[in-house]
């Protein structure tokens with residue numbers, strides 16, 4: 001393994017920043033203190049920045065090279081998740097009901113570490129450091145884009161910490177990296193009644209149960225297994241008492257797909273099955289679809305730039321391949337609808353946390369991964385600037 005980060009001081013500062021950010025998590029569009037911590041560090045590094053205010057993006061600007069030199073962006077997300085942390089860490093969340101359960105504290109620390117490296121040894125071009133709000137909810141990438149974070153930018157790079165790769169490994173791939181995500185609500189209306197006289201009612205709970213099972217056949221029996229797809233109903237609301245037949249029920253779920261034709265088929269199939277179940281049991285069923293994040297699709301040339309950066313930083317042993325696209329969603333996709341770019345995965349599995357997934361109240365990662373993330377972002381920005389300078 002190559003020497004990934006020469007400055008112990010930079011690593012020490014990243015750990016400090018990560019722990020501060022972890023201790024005071026804030027939810028989507030509420031990242032006031034989080035943004036303040038980032039801006040304080042940018043001031044310390046003497047990096048100018050623009051800030052859109054609470055709920056907006058912080059965009060640091062590193063300028064180097066001659067006029068007209070390429071500009072590359074690197075991105076981190078700022079928001080935390082709702083939930084009560086139970087990691088037992090000495091720097092665990094002090095904000096009840098909020099925690100960094102998805103590694104965004106680490107992402108911010110890595111980009112700030114890369115900022116320190118880029119500032120100390122300016123590249124022959126410009127780098128925009130994008131710290132965006134609300135990745136988990138609300139598509140904050142669109143806020144950053146609307147604020148001008150991509151103006152004049154040739155390409156963008158980002159990444160995510162994960163337990164699925166070892167520390168010192170970075171996964172790079174071209175093409176589809178994450179799925180398209182859509183949310184849905186199904187509202188079932190039957191006819192309420194007494195629990196002892198079901199023949200006088202239309203039971204919304206029974207109808208919902210049949211609908212839940214029927215919907216699962218969409219993926220298992222109608223979708224080519226070669227196209228990863230998921231339908232999950234994660235929340236059901238119905239009823240008021242054990243002896244009352246519920247008149248109404250609401251089902252909330254998500255659809256994850258990596259193929260546009262499959263996505264269309266599942267949405268249409270969900271509506272078809274809902275109508276059929278409603279007709280069968282004399283209930284009214286309405287399906288509401290909420291379009292979610294598009295899939296992250298890495299461009300080939302930028303993926304190759306990222307591969308070169310990983311090889312330069314970690315060597316062959318550090319370059320990991322993707323087994324298959326993630327069925328998770330990421331609003332980094334909005335940047336890639338505007339400009340080319342590449343989204344990578346940083347191996348960060350901590351001993352004892354091998355089976356603890358993202359979004360768990362017990363989630364944590366190995367802070368050694370910060371070294372590799374900062375070194376990667378530093379190198380990929382330089383590689384991209386040189387590449388785009390060649391392209392003119």
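Before moving on, here are some points about what is shown:
Yes/no matrix, rows are residues, columns are (1) more than 29 Å from residue 292 (Cα to Cα); (2) touching a residue at least 24 places away in the same chain (Cβ under 8 Å):
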residue	(1), (2)
183	no, yes
193	yes, yes
202	yes, yes
207	no, yes
211	no, yes
226	no, no
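- Scope segment 137-152; condition within 22 Å of residue 23 (Cβ to Cβ) and buried (at least 20 other Cβ atoms within 10 Å of the Cβ); matching residues: 140
- Looking only at segment 34-53, residues that are crowded, with 16+ Cβ neighbours inside 10 Å and part of a helix (DSSP H, G or I) come to 7 in all.
- Unmet requirement for residue 61, which otherwise passes all of (1) in contact with a strand residue (DSSP E or B) (Cβ under 8 Å, 6 or more places away or on another chain); (2) surrounded by fewer than 18 Cβ atoms within 10 Å (Cβ to Cβ); (3) at pLDDT 95 or above; (4) in a loop (DSSP other than H, G, I, E, B): (4)
- Of all residues in segment 228-240, those that are without any contact (Cβ under 8 Å) to a residue 40 or more places away in the chain and either assigned to a loop (DSSP other than H, G, I, E, B) or more than 17 Å from residue 184 (Cβ to Cβ) (or both) total 2.
- Within segment 129-144, the set of residues being outside any strand (DSSP E or B) and either free of Cβ contacts under 8 Å to residues at least 12 places away in the same chain or under 14 Å from the mean Cα position of the chain (by Cα) (or both) comprises 133, 134, 135, 136, 137, 138, 139, 140, 141, 142.
- Residue 284 touching a strand residue (DSSP E or B) at 6+ places or on another chain (Cβ under 9 Å) and in the same structural domain as residue 213 (by TED's automatic domain parsing): yes
- Test: residue in segment 280-290 that is modelled with pLDDT of 95 or more, part of a strand (DSSP E or B), under 23 Å from the mean Cα position of the chain (by Cα) and over 14 Å from residue 172 (Cβ atoms): yes
- Checked against the criterion of being modelled with pLDDT of 95 or more, in a helix (DSSP H, G or I), in the same structural domain as residue 87 (by TED's automatic domain parsing) and under 19 Å from the mean Cα position of the chain (by Cα), the candidates 381, 374 yield just one match: 374.
- Looking only at segment 241-265, and only at residues there that are under 27 Å from the mean Cα position of the chain (by Cα) and in a loop (DSSP other than H, G, I, E, B), the one that is surrounded by the fewest Cβ atoms within 10 Å (Cβ to Cβ): 259
- Matching option when the condition is surrounded by fewer than 23 Cβ atoms within 10 Å (Cβ to Cβ) and more than 19 Å from the chain's Cα centre (by Cα), among 205, 188: 205
The values are calculated or read from the model by the stated rules, or taken from the named source; none is laboratory data. From a predicted model like this one, the values you see are computed outputs, not experimental measurements. With ideal geometry, Cβ positions are generated from the backbone for all residues, glycine too; neighbour counts draw on all protein chains shown.
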